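The values are calculated or read from the model by the stated rules, or taken from the named source; none is laboratory data. Because the structure is a prediction, the values reported are computed rather than measured. Positions of Cβ are backbone-derived with ideal geometry, glycine not excepted, and every protein chain shown enters the neighbour counts. Note: areas computed on protein heavy atoms with side chains; ligands, DNA, RNA excluded. Shrake-Rupley method; radii C 1.70, N 1.55, O 1.52, S 1.80 Å.
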Amino acid sequence: MIAPGATIGILGGGQLGRMTALAAASLGYKTHVYCPERDSPAKLVTPYQTTAGYDDRAALARFAAAVDVVTFEFENVPADCAEILAESKPVRPGPNALRIAQDRLREKDFLRSIDVATAQYREVTGVAALQRAVRDIGPHGVLKTVRGGYDGKGQVAIRPDADLAQAWARMGAETGILESFVDFICEISVIVARGAGGGAATYVPVENHHAHHILDTTIAPARIAPAVAMRAEAIARHIADKLDLVGLLAVEMFVTAEGEVLVNEIAPRPHNSGHWTIDACITSQFEQLVRAICGLPLGSPERHSDAVMKNLIGDDVGKWRDIVGEPAAKLHLYGKANAMPGRKMGHVTRLMPRRD
Ligand code: AMP
C-alpha cells in the first residue's frame, strides 16, 4: 500500500490531472505533475512539477525518483514514456492499457478478442482500401484516424454518395479505420475503478450528449432500461478485468433501438462523463483513482443525488456569475486564462433528488 504522505506522479497537466491532484490532496497525498506546458490547470494546484517533453529521458528519470507511483490523465502520453517510468516505479494503469487505448485498431481488435461487441470496422491504408472497406461494411460509415484523434478530430462521415478520395484526404493520416455507422438511440458511458486485488467499483451508466463533437451534457443516471444498464456495467467490468487494469477505465458505448450495447472507445483514465461523481456520489472518480493506484480500499460509487453535468466550453465560462448563485449547482472552473472556442474551461453539475 502507498500510504497518505506519498507522492503521486501525474503525466499530463489538464483539468483531469487537476481534479485528480485535488482528490489526492484531500486524502493527504502530494502530487507531482509532469507535462510540457508551463501554465497548465494541474500545475496551479501543486508545487511539485516538471516542465519537459514526454521523450526527455533525464527529466523522466528525475520525475521517477521524486514520486512513489505514476498515473496519467490523458492517453496520448507516449507508451514508451510510460514504459521507461515503469522500470523504476509502478505505473497504474500500466503501459499495456495505454497502448491499446491510443490506437483505435488495436482497441477494436482487443475488444473483439474478448467478445465485446463493437461496430463493424476495417483497417484502411489508402483510397483503394477504403473502397474495399465500404463494399465490405456498407455505405454508411465513419472514417477515423487510428491514432491521436479526439473530440471528433480526424473523423469523416461516409455516406452513399461520398467521394472516397476526398474523404481519405480529409481524414489526413496514413492509417485509418472505417467503422460502420451505428444508428444509436443513446450514447452512454460507464466508469469502473479496479484495484490491484481485482476488486472493482462501477458507477451507474450515464447518458452523454455532444455538441460539435465535444461532450456537452452528461445525465446521471442514463435513461435506459435496467437490463441495458446492467449489461453496460458488466461489459465495462469485463474489459477492466481482461486488461488487468489498476485504476480507472471509462467505456463509451452506443445503445441501439434493439437494446444492443456496442463499445465505441475506452479510456484508462478519469473521464469528462464522470465529473458529476464529484458532487453526486459518495466517492468521486478522482478519489477512486487515487485509492486504486495507492492500494487503498475502493470507496462506494453509490450516488446520493441524480445529476446533470454541463461543460462550460469557450465563452460559456462567462456564465459563472449566474451559475454561482444557483442553489443546487456546483461550479468547477479549471483556471485556464484564455477562453478559446472549443476549449473546456470548466463544468457545472446540477444536483437533484435521486429518483430510484
Ligand atoms: P469518438 O471520437 O470515437 O468518440 O467519436 C465521436 C462521436 O462521433 C461519438 O461520440 C459519436 O457521437 C460519433 N460516432 C463515432 N463513431 C460512430 C459510429 N461508428 N457510428 C455513429 N456515430 C459515431
(1) modelled with pLDDT of 95 or more; (2) within 12 Å of the ligand (Cβ to nearest atom): which one isn't true of residue 227, the others all being true? (2)
Examine region 129-144 for a residue that is of a type in the set (Lys, Arg), assigned to a loop (DSSP other than H, G, I, E, B), within 15 Å of the ligand (Cβ to nearest atom) and not assigned by TED's automatic domain parsing to the domain that holds residue 281, and state whether such a residue exists. no
Could you tell me whether any residue of region 189-201 is of a type in the set (Gly, Ala, Ser) and under 30 Å from residue 165 (Cβ atoms)? no
Of the residues in region 245-270, those that are in contact (Cβ under 8 Å) with a residue 60 or more places away in the chain and open to solvent by 20 Å² or more (accessible area, probe 1.4 Å) come to 246, 252, 254, 257, 260, 265, 269
Near pairs, Cβ below 7 angstrom, 6+ apart or cross-chain, from region 214-242 (closer than 15 Å to residue 186 by Cα) to any residue that is surrounded by fewer than 16 Cβ atoms within 10 Å (Cβ to Cβ) and of a type in the set (Gly, Ala, Ser): 225/259; 228/259
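Quick check on region 51-83: of everything there that is farther than 19 Å from residue 269 by Cα and in contact with a helix residue (DSSP H, G or I) (Cβ under 6 Å, 6 or more places away or on another chain), which residue is surrounded by the fewest Cβ atoms within 10 Å (Cβ to Cβ)?
My answer is 52.
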Taking residue 155 as the residue in question, decide whether it is open to solvent by 30 Å² or more (accessible area, probe 1.4 Å), outside the structural domain of residue 276 (by TED's automatic domain parsing) and away from the ligand (no atom under 15 Å from the Cβ). no
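Got at least one residue in region 57-64 being within 17 Å of residue 147 (Cα to Cα) and in a helix (DSSP H, G or I)?
Within region 57-64 (the criterion being within 17 Å of residue 147 (Cα to Cα) and in a helix (DSSP H, G or I)), the answer is no, since none of the residues qualifies.
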Filtered residue count, region 166-202, keeping only those that are more than 12 Å from the ligand (Cβ to nearest atom) and in contact with a helix residue (DSSP H, G or I) (Cβ under 6 Å, 6 or more places away or on another chain): 9
